[in-house]
1. Go through the range 225-277 and give me each residue that's β-branched (V, I, T) and in contact (Cβ under 8 Å) with a residue 60 or more places away in the chain.
2. Out of the residues in the range 92-107 meeting the condition of being within 19 Å of the chain's Cα centre (by Cα) and among the β-branched types (V, I, T), tell me which one is most open to solvent (accessible area, probe 1.4 Å).
3. Inside the range 175-189, can you point out the residues that are touching a strand residue (DSSP E or B) at 6+ places or on another chain (Cβ under 6 Å) and open to solvent by less than 40 Å² (accessible area, probe 1.4 Å)?
4. Taking the range 299-319, which residues are part of a strand (DSSP E or B) and either at positive phi or in contact with a Lys or Arg (Cβ under 9 Å, 6 or more places away or on another chain) (or both)?
5. What's the total number of residues in the range 136-155 that are in a loop (DSSP other than H, G, I, E, B) and within 17 Å of R409 (Cα to Cα)?
6. Just name the residue that is nearest to the chain's Cα centre (by Cα) out of those in the range 251-281 that are surrounded by 16 or more Cβ atoms within 10 Å (Cβ to Cβ) and in a loop (DSSP other than H, G, I, E, B).
7. Got a sec? Which of T357, T284, T344 is surrounded by 14 or more Cβ atoms within 10 Å (Cβ to Cβ) and β-branched (V, I, T)?
8. Conditions first: (1) at positive phi; (2) at pLDDT below 95; (3) open to solvent by less than 30 Å² (accessible area, probe 1.4 Å); (4) among the small types (G, A, S). G447 passes all but one, so which condition is the exception?
Amino acid sequence: MSTSTEQPTAGHAELAATTLLRFATAGSVDDGKSTLVGRLLHDSKSVLVDQLEAVEHASRSRGQEAPDLALLTDGLRAEREQGITIDVAYRYFATPRRRFILADTPGHVQYTRNMVTGASTAELAVVLVDARNGVVEQTRRHAAVAALLRVPHVVLAVNKMDLVEYRESVFAAIAEEFTTYASELGVPEITAIPISALAGDNVVEPSANMDWYGGPTVLEHLETVPVSHDLTACHARFPVQYVIRPQTAEHPDYRGYAGQIAAGAFRVGEQVTVLPSGRTSTITAIDALGESVDIAWAPQSVTLRLADDIDISRGDLIAPSGDAPATSQDVEATVCHVADTPLTVGQRVLLKHTTRTVKAIVKEIPSRLTLDDLSQHPEPGRLVANDIGRVKVRTAEPLALDAYADSRRTGSFLLIDPADGTTLAAGMAGESFATAKATAAVDDEEGWDF
């Protein structure tokens with residue numbers, strides 16, 4: 001491994017000291033998400049010269065006088081031809097105050113599943129609304145997904161204010177409607193900002209056309225919103241990925257359990273419980289990057305060594321004995337259905353939780369969320385693409401699931417089609433805004449009856 005004797009410059013030290021914010025953009029079709037992202041990158045000087053020249057050339061070839069900044073993020077050929085976003089486009093940029101990982105997600109209804117992907121790790125979601133159209137169904141769907149994924153901060157960007165003559169009344173009405181709706185979903189913090197992504201109003205620089213607005217610009221809010229990366233404060237969880245047994249002359253009796261710490265911290269000498277077996281032992285050593293350490297924390301990848309030879313394999317979960325999650329074969333959760341084929345009662349699926357994949361059966365679908373008024377449609381029998389609903393699943397083996405409200409890492413799971421490996425639904429264990437207290441019991445089904 002090479003070493004360098006160079007001293008870090010002041011710029012490097014300043015950048016290293018900045019925090020990281022992961023955020024996602026969402027909104028209905030043609031609300032201007034890609035244009036906002038392009039404007040954000042352009043005005044914050046985060047676009048390379050050759051990138052800008054390529055965008056200017058592509059814009060001229062399409063008969064546009066000004067550069068189409070949306071082309072900075074719409075990378076797929078189909079996206080550029082149709083002027084829409086299909087896939088999740090990730091962009092990385094930084095300012096002197098903060099580093100950013102941005103996920104530009106699609107607006108079309110059939111691509112809502114991609115918004116789930118982009119927002120699953122986000123700490124902030126920017127939901128765009130066209131000032132001419134106001135809050136539409138897709139806006140509500142994106143707000144519901146953000147609330148479901150427990151995104152702590154939501155920014156309502158009311159775009160295209162230039163097309164409504166920068167009227168405060170238009171912005172105020174949209175902001176009130178959205179804030180009321182998102183608050184009912186349980187979104188803890190909502191910030192509304194009037195913008196024009198095309199003209200650059202309130203994106204990076206304050207607008208001279210909206211003197212009635214005294215709040216932050218989009219970039220200013222992104223730079224100052226409080227974020228927390230302290231996964232060590234969460235319940236300690238270590239999903240085992242691989243069992244290391246070299247059985248060499250140098251390491252004849254070495255047995256280590258490798259993986260990435262999902263949350264919390266582990267220390268040498270700590271008593272731990274292995275789930276789902278429930279066997280206990282003590283951590284005798286922690287290996288990280290070839291060296292022994294006394295403590296390791298999320299999200300480090302390490303190898304744990306235990307005092308006892310316990311039957312441990314991929315998919316088992318190691319947790320402190322005093323703070324181990326309960327295991328169960330009955331999972332109640334809220335899911336966002338992402339597949340083209342419906343999810344039905346009695347359907348056989350695979351449930352993937354951290355590194356563990358088990359057989360399961362959908363025992364009940366108690367309710368489906370109606371986005372217009374947030375009411376519950378009881379016993380729908382199935383969920384189709386982009387539906388949000390409650391499910392009850394019975395697994396073939398016990399799982400150590402946390403509530404999603406307590407841990408986004410160990411409270412989430414996927415439902416997978418066992419026939420072809422297609423992801424059917426993204427699930428969040430425990431209570432959520434979509435909780436429905438259904439009391440009807442479902443008789444055991446033949447086949448996968450666990």
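The values are calculated or read from the model by the stated rules, or taken from the named source; none is laboratory data. Given the structure is predicted, the values throughout are model-derived calculations rather than measurements. Heads up, the Cβs are rebuilt from the backbone with ideal geometry, glycines too, and the neighbour counts pull from every protein chain shown. Side chains are part of the model used for accessible areas, which takes the heavy atoms of the whole protein and leaves out ligands, DNA and RNA. Shrake-Rupley method; radii C 1.70, N 1.55, O 1.52, S 1.80 Å.
1. Of the residues in the range 225-277, the ones β-branched (V, I, T) are 225, 227, 232, 240, 243-244, 248, 261, 268, 272-274.
Those that are β-branched (V, I, T) and in contact (Cβ under 8 Å) with a residue 60 or more places away in the chain: V225, V227, T232, V240, V243.
2. I101
3. At the first step, the residues of the range 175-189 found to be touching a strand residue (DSSP E or B) at 6+ places or on another chain (Cβ under 6 Å) are 175, 178-179, 182, 187, 189.
Answer for the range 175-189, where residues must be touching a strand residue (DSSP E or B) at 6+ places or on another chain (Cβ under 6 Å) and open to solvent by less than 40 Å² (accessible area, probe 1.4 Å): A175, F178, A182, V187.
4. At the first step, the residues of the range 299-319 found to be part of a strand (DSSP E or B) are 301-306, 317-319.
R305, L306, L317, I318, A319 - these are the residues of the range 299-319 that are part of a strand (DSSP E or B) and either at positive phi or in contact with a Lys or Arg (Cβ under 9 Å, 6 or more places away or on another chain) (or both).
5. Within the range 136-155, the first condition is being in a loop (DSSP other than H, G, I, E, B), and the residues that meet it are 136, 149-152.
With within 17 Å of R409 (Cα to Cα) added as a condition, the list becomes 149-152.
Adding up the residues that qualify gives 4.
6. So, considering only residues that are surrounded by 16 or more Cβ atoms within 10 Å (Cβ to Cβ) and in a loop (DSSP other than H, G, I, E, B), the one nearest to the chain's Cα centre (by Cα) is A262.
7. T357
8. The number of the failed condition is (3).
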